[in-house]
Amino acid sequence: MSLMKSLNSGVSGLRAFQTKMDVIGNNIANVETSGFKASRVTFTEMLSQQIGSGQASESAPSSANQVGLGTRISSIDRDFNQGGLQATGRKTDLAIEGKGFFMVGDGDQSYLTRDGNFAFNKEGFLVDQSGRMVQGYNAGADGEVQASGTPDDIRVDFENIFSPQATQNVYMAGNLGSDTSTKQVVQAQSAFTTDAGEIAEEATLLNDLAQTTTDFAVGDTIDFEFTLNDGTNQTITHTYAAGDTLEDVIDTINAGLGAEGTASLVDGMMVIRSAETGDSQFSLDNTVVNGTGVMTIPGFEITQEGSTGSTTVSSTVYDELGKAHTLMLELTQTDANTWEYEASFLDGEELTAGGNGTLTFDNTGNLTSDSALQMAFNPGNGANPVNFTLNLGNPENGSKVTQFAGTASAKITSQDGYAQGKLVDYNVDGDGYVNGVYDNGKNIKLAQVAVADVTNYNGLETLGNGLYRNTVASGDVSINVASNLSETKLNSGMLEGSNVDLAREFTDMITSQRAYQSNARVITTADELLAEAVNLKR
């Protein structure tokens with residue numbers, strides 16, 4: 001009887017929507033499950049039955065008379081869209097942002113998962129909450145991670161000791177002040193002026209100076225009594241000739257001083273500078289006029305003390321046993337654009353090479369001498385002698401040593417040696433590297449987390465506990481790392497939350513409830529119609 005079709009259709013609807021309610025219930029139950037991917041149900045109609053003769057012409061409105069036989073489940077699909085990231089603060093909690101899966105193994109088989117709730121066990125293996133090993137690539141003996149081939153179980157040796165390394169390069173950068181050392185300057189206490197009251201110039205005649213109260217006659221002399229840089233005395237005499245000027249007097253002083261200093265006229269005042277940089281006794285002690293001429297020559301005073309300035313920088317350098325030694329480098333400006341350096345060790349270690357030398361700069365403040373100073377010392381504690389290079393500047397970061405006027409800022413910026421180190425901390429970066437942090441300040445890569453991928457995510461077999469296994473439908477598993485996958489990175493201290501949309505699930509639950517009730521109503525109505533048919537025989 002045809003009413004049986006409606007009964008069967010109603011039953012198929014009940015079964016289908018019962019399954020959909022099962023899926024909705026599972027989605028809602030896992031709304032707080034890390035890495036959970038929601039499922040959806042799709043329906044398809046069952047076979048249709050043709051009724052009547054089925055004879056149809058080209059002008060007929062339909063090709064045949066058909067009636068459907070109900071519905072069935074077409075597929076139950078996973079939604080692999082990204083779930084929200086939830087901060088946990090645990091370094092071993094990892095979340096994949098983008099494509100891919102973590103790989104975990106139990107020794108016999110590997111599985112895929114989006115749940116990154118991991119931790120290190122007592123043996124140092126990174127495992128999930130069921131003890132399955134997280135797969136990846138461990139660093140080799142050379143400290144490098146080769147992310148290729150079959151992945152291993154990630155393991156960190158928390159008792160590992162980082163071997164020391166002797167210093168090979170020390171880097172210095174900054175400015176050596178061009179005025180660190182000074183030259184002694186002797187200057188007149190007042191300016192020479194003319195009879196007209198103007199500031200005198202080099203071309204001004206001696207007899208036109210206001211200071212000359214009685215004109216000089218040929219043969220008169222002016223004695224300049226100097227104390228030279230080393231403390232010895234020298235008298236320089238200028239003998240007057242007709243038409244002599246201040247410039248003639250200055251030329252006489254310069255010729256007499258030679259390499260000791262130079263005199264010049266600045267705004268009418270005579271200024272005499274020592275030619276030597278640094279500590280000096282240079283001075284003009286007295287002037288004496290002899291003859292008929294009378295001149296009142298201003299007194300002279302030291303306006304700038306000659307001083308020897310130095311800059312000291314220091315650095316820690318290491319021997320092969322990892323012992324630290326304090327290197328002191330004293331740089332003394334001995335002349336304009338010239339510096340002497342002397343190296344020593346705070347605890348008296350013996351320098352066997354490169355302990356002293358000279359640095360030179362050009363007139364623009366740039367280093368012209370060798371920028372790589374070779375040094376060697378004997379640590380004196382059973383370690384081998386250490387040979388290292390003191391680099392004045394570093395081309396890799398553009399730093400250099402200069403000599404400009406102004407603030408001195410020279411310092412040791414870095415060196416490449418280090419003591420032995422103990423692992424004190426670790427972190428996981430966006431590329432999946434497990435980085436070890438050692439108490440000697442060094443960071444090294446210990447391992448890298450593998451990221452697996454398949455062509456068809458919905459072809460994966462769900463095994464429970466957030467695990468998946470590849471099948472023929474999903475395609476083969478390709479193993480890689482996050483840094484090689486576009487738009488994929490790992491987030492440490494986070495877990496990927498469930499991608500269940502509760503609003504959508506509640507809406508689907510309401511529509512499923514109504515659909516289930518409607519299918520039940522079809523069954524009860526068909527049953528009543530059948531009852532009426534049975535009652536016809538009475």
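Okay, here's what the table says:
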{"read-out": "Peptide ranges 116-128, 148-160 listed from the most packed, as the mean C-beta count within 10 angstrom indicates", "value": "116-128, 148-160"}
{"read-out": "Full-stretch length increase - Ala275, Thr193 - with 0.36 nm per residue and alpha-carbon distance subtracted", "value": "26.8 nm"}
{"read-out": "Modelled label reach - Asn26, point 7 Å along Cα→Cβ, the range 79-103 residues with backbone N closer than 15 Å", "value": "79-80"}
{"read-out": "Cα→Cβ-extended label distance, 7 Å offset, between Arg90 and Asp267, nm", "value": "7.7"}
{"read-out": "Euclidean distance of C-alpha centroids, the range 174-212 and the range 484-538, integer Å", "value": "104"}
{"read-out": "Local electrostatic count at Ile73 - Lys and Arg +1, Asp and Glu -1, tallied over other residues with Cβ under 12 Å", "value": "+1"}
{"read-out": "Percentage of interatomic Cα-Cα distances in the chain larger than 34 Å", "value": "69"}
{"read-out": "Asn286 paired with Ala473, simple spin-label distance in nm, labels 7 Å along Cα-to-beta-carbon", "value": "11.7"}
{"read-out": "Subset of Lys122/Lys445; Lys323/Lys489; Lys37/Lys422; Lys411/Lys489 violating a 32 Å alpha-carbon distance limit", "value": "Lys323/Lys489; Lys37/Lys422; Lys411/Lys489"}
{"read-out": "Label-point gap, in nm, between Thr511 and Thr364 - each point 7 angstrom along Cα→Cβ", "value": "7.6"}
{"read-out": "Relative contact order of the range 302-405, pairs being alpha-carbon contacts under 8 Å that are 6 or more residues apart, as %", "value": "19"}
{"read-out": "Three-way shape label, the range 84-126, alpha-carbon gyration tensor, a/c 1.5", "value": "oblate"}
{"read-out": "For the range 124-240, alpha-carbon Rg over 2.2 N^0.38 Å", "value": "3.06"}
{"read-out": "Protein accessible area in the range 303-458, 1.4 Å probe - carbon and sulfur %", "value": "43"}
{"read-out": "Helical contribution to [θ] at 222 nm, DSSP H n ≥ 4, -39,500 (n - 2.57), averaged over the chain, rounded to 500", "value": "-4500 deg cm²/dmol"}
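The values are calculated or read from the model by the stated rules, or taken from the named source; none is laboratory data. Everything quoted here is computed from the prediction, not taken from an experiment. Using ideal geometry, Cβ is built from the backbone for each residue, glycine included, and neighbour counts are taken over all protein chains shown. Each accessible area value is taken on the protein alone, full model and side chains, heavy atoms only, with ligands, DNA and RNA left out. Shrake-Rupley method; radii C 1.70, N 1.55, O 1.52, S 1.80 Å.
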